[in-house]
Every structure is written in structure tokens, then in C-alpha cells.
């Protein structure tokens, strides 16, 4: 029994030393190529867009919370703002 355990130890050690064989993944090239490698984000322009979106949000919030406005009018206003 001791000789059987002694024979298994070198084999188990030898299996850990070899690298696992993995299949190659030969994927086709991406349709985007390297387009995003050269992408640069202009923070000033992004902030200008965010600021420009705030005014319509506030106007819509004011219109929705107006109790004098009919619900159908509110809905049509909301739909117009969405488009």
C-alpha cells in the first residue's frame, strides 16, 4: 500500500507542472476595429449637453406639478417633450 501511494505522488506533481491545454479561440476581427482606441471625450461639451438638458427637465417638472392643468394636457405635453 505504501508503494502505491509513493507511485502516485510523482504523477500528481508532474500533472501540476504541465500547463493545461486549451483550445484556441480564432474569432473573426471585430467590425469596430480600433475605432474606440482613439476615442476622446470632450468634458466641456458633455457638461454643456448636461446643462442644456436641465432647463427642459425643470419646465416639464413645473408643468406636471401644475394643479390647474388638465391631465390630458399634461400627457400631451409629456409626449411632445419625449420626441
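The values are calculated or read from the model by the stated rules, or taken from the named source; none is laboratory data. Everything quoted here is computed from the prediction, not taken from an experiment. Using ideal geometry, Cβ is built from the backbone for each residue, glycine included, and neighbour counts are taken over all protein chains shown.
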Can you pull out the residues in the range 28-48 that are over 19 Å from the mean Cα position of the chain (by Cα) and either within 30 Å of residue 77 (Cβ to Cβ) or part of a loop (DSSP other than H, G, I, E, B) (or both)?
28, 29, 42, 45, 47, 48
Quick count over the range 49-65, residues being surrounded by 10 or more Cβ atoms within 10 Å (Cβ to Cβ) and in a loop (DSSP other than H, G, I, E, B), is 0
Identify the single condition in (1) part of a helix (DSSP H, G or I); (2) modelled with pLDDT under 85; (3) surrounded by 10 or more Cβ atoms within 10 Å (Cβ to Cβ) that residue 11 does not satisfy, given that it satisfies every other one.
(3)
